[in-house]
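Visitor: Got a structure for you, questions after.
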Amino acid sequence: MTASLRDRISGLFADYAWFLDAERYEDWLALFSESSMYRIVPRENVQYGLPGSLMLCKNKDMLRDRITTLLEVNEYNIHTTRHLLGASRFDDPVDDVVAVETPFAVYQTDQEGVSRLFGVGEYQSRISCAGSKLLFEANVVQLDTFSVPTLLADPL
Amino acid sequence: MTASLRDRISGLFADYAWFLDAERYEDWLALFSESSMYRIVPRENVQYGLPGSLMLCKNKDMLRDRITTLLEVNEYNIHTTRHLLGASRFDDPVDDVVAVETPFAVYQTDQEGVSRLFGVGEYQSRISCAGSKLLFEANVVQLDTFSVPTLLADPL
Amino acid sequence: MTASLRDRISGLFADYAWFLDAERYEDWLALFSESSMYRIVPRENVQYGLPGSLMLCKNKDMLRDRITTLLEVNEYNIHTTRHLLGASRFDDPVDDVVAVETPFAVYQTDQEGVSRLFGVGEYQSRISCAGSKLLFEANVVQLDTFSVPTLLADPL
């Protein structure tokens, strides 16, 4: 793992968080490859090998669909989000794919102006560094809780 | 943007957070240029282009004044703060000034020993890399909420 | 301080946080030297020079003992943890030891699935870079509160 690749991956996660918080969903989608998998899963299910997910998009079209719903249909639980990410842990690339673990906390601010912790967890990501642009091949959002305090409308 | 400049900017933000939390306000002030602007503004006002600020210092003297007040006058709402910053997003320097976005969470701990989330948001900063020392030319603290839970006495 | 050493120290802290959250305590222990000191202390005690600690392990054997207790005896307050660390501030190495300050927030998620802030503070660390592997010579966990909301069973 070169320092330069590490910097680029750190930049990818900074973009990931910022695009979500700035509601720039098209830019966020552009960080994923066409075949990429996106999944939100409680830590418990990972630990016990249970198959259930809180959100599962098996490819980028499913993720696009999700974003379209978010932008055009959902009109409740209006809030803004803020992601705080810790430093990533990297494995060495295998076949131009890097496995990365990144802890996160997500906060939501509602229309009354109250900011609250939404949840904490970690991203378990597979990132392709084959092309000129880094792309998520997979992002598994392991949420530390199985009990989501409000609706899980937007991706984490 | 060189890796070295990125490292120096990351170091600047680590100093920024730590000086505030350690109440080393003189050291914190030294991170700003004489002409620098400091402003705390709710996200909503940024979004709708509203001019109001929660705190506005148009130059470093106004910021010095604020710090003097904080140190010599205020004697209520005694607390300590803790800043957690996410990774910064950088633009390339233009005329030796870099535009940077950095997410943050600020916690306060009161005299009863209770630590609470104070607020989340992002720094929208302009950093001069003209001299041997990096300096803030502007720091706009965009707070995700318009509703500050306690007094906003200390800078964020 | 070279960029490479800075990257390695950042990686050490990413491991530190992740090993604790993944309950890989043996791997976490391996980050400490045999003579290393580990201490959790309220910020107030640091500020006023008071000697009391919330947890004190004068060497690695005491820390091993603590971990053994955690793994084999404690059966209450079941929870998972999540550490979010900010960027570290580095001094230049002196005699192959680097002094580092790193802010942190720790969250706990209980068996009901509720994630809460446990505490915030900073690590005041001394890291040996003499060997091929970085090792903690000392880690002082300065907790911003003297009032720990639940049992302090696991290291921070």
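The values are calculated or read from the model by the stated rules, or taken from the named source; none is laboratory data. What you see is a predicted model; the values in this text were computed from it and never measured. As a convention, Cβ positions derive from the backbone with ideal geometry for all residues, glycine included, and neighbour counts pool all protein chains shown. Side chains included, ligands, DNA and RNA excluded: accessible areas come from the protein's heavy atoms. Shrake-Rupley method; radii C 1.70, N 1.55, O 1.52, S 1.80 Å.
Visitor: Would you work out the relative contact order for segment C:1-82, in percent, from Cα pairs under 8 angstrom that are 6 or more residues apart? Please list the in-between numbers first.
Guide: Working: 59 pairs, mean separation 21.9, N = 82.
Contact order relative to length: 27 percent.
Visitor: Considering only C-alpha atoms, what is the centroid distance from segment A:120-156 to segment A:31-49, in Å?
Guide: 7
Visitor: Using just the Cα positions, wrap the protein assembly as shown in a convex hull and report its mean projected area in square nanometres, one decimal place.
Guide: Taking the Cα atoms of the protein assembly as shown, their convex hull projects to 22.9 nm² on average.
Visitor: Right, another one. Just the number, please: Stokes-Einstein D of chain C in µm²/s, Kirkwood Rh from C-alpha pairs, 20 °C, 1.002 mPa s.
Guide: In µm²/s, the coefficient rounds to 133.
Visitor: Once the other residues with Cβ under 13 Å from the Cβ of A:R6 are scored (Lys, Arg +1; Asp, Glu -1), what is the net sum?
Guide: Once all neighbours under 13 Å are counted, the net charge is 0.
Visitor: Please give the helix B:60-72 orientation as an angle from the longest Cα principal axis of chain B, in degrees from 0 to 90, rounded to the nearest 10.
Guide: 30
Visitor: Extension gain B:V114-B:E34, at 0.36 nm per residue separation less the Cα-Cα distance, in nm?
Guide: That pair, B:V114 and B:E34, stretches by 25.1 nm at full extension.
Visitor: Kindly provide the helix-only [θ] at 222 nm of chain A, computed as the sum of -39,500 (n - 2.57) over DSSP H runs of four or more divided by all residues, to the nearest 500 deg cm²/dmol?
Guide: Counting only the DSSP helices, I get -8500 deg cm²/dmol.
Visitor: Among the lysines, which have Cα under 29 Å from the Cα of A:K60 when same-chain residues fewer than 8 positions away are ignored?
Guide: Partners found: A:K133.
Visitor: Counting partner chain Cβ atoms within 10 Å of every residue's Cβ in C:93-106, what's the average? Intermediate results must be reported in sequence, preceding the final value.
Guide: On the way: counts 0, 0, 0, 0, 0, 0, 0, 0, 4, 3, 9, 3, 11, 1.
Across the residues of C:93-106, the mean count of other-chain Cβ atoms within 10 Å is 2.
Visitor: From the label point of A:A3, set 7 Å from Cα along Cα→Cβ, how far away are the matching label points in the other copies, in nm, ordered shortest to longest?
Guide: List, nearest first: 0.4, 0.4 nm.
Visitor: How big a patch of accessible area, both sides summed and in Å² to the nearest 100, lies buried between B and A at a 1.4 Å probe?
Guide: 1600
Visitor: When the dipole is taken about the Cα centre of segment B:73-156, and only Lys, Arg (+1) and Asp, Glu (-1) are charged at their Cβ, what size is it in debye, to the nearest 20?
Guide: Dipole magnitude for segment B:73-156 comes out near 180 debye.
Visitor: Report the accessible area of A:E72, computed with a 1.4 Å probe over the heavy atoms of all protein chains in place, in Å² rounded to the nearest 10.
Guide: Here the accessible area works out near 140 Å².
Visitor: With the contact rule set at Cα under 8 Å and sequence spacing of 6 or more, what percent relative contact order holds for chain B?
Guide: 26
Visitor: Can you give me the accessible area per residue for chain B, using a 1.4 Å probe, in Å²?
Guide: Solvent-accessible surface per residue comes out at 45 Å².
Visitor: I've got another one for you. How many nanometers, to one decimal and shortest first, lie between the label point of B:V97 and those of its other copies, if labels sit 7 Å from Cα toward Cβ?
Guide: 4.5, 4.5
Visitor: Name the GluC sites (Glu not before Pro) in segment A:112-156 that are in a loop by DSSP and that have at most 11 other C-beta atoms within 10 Å, would you? Mind dumping the intermediate values first?
Guide: Working: sites: A:E112, A:E122, A:E137; in loops: A:E112.
Sparse-neighbourhood loop GluC sites (Glu not before Pro): A:E112.
Visitor: Using a label point 7 angstrom from Cα along Cα-to-C-beta, what distances in nm, from shortest up, separate A:D65 from the other copies?
Guide: Nearest first, the other copies' label points are 5.9, 5.9 nm away.
Visitor: Roughly how far apart, in whole Å, are the Cα centres of segment A:73-114 and segment B:95-113?
Guide: That distance is 18 Å.
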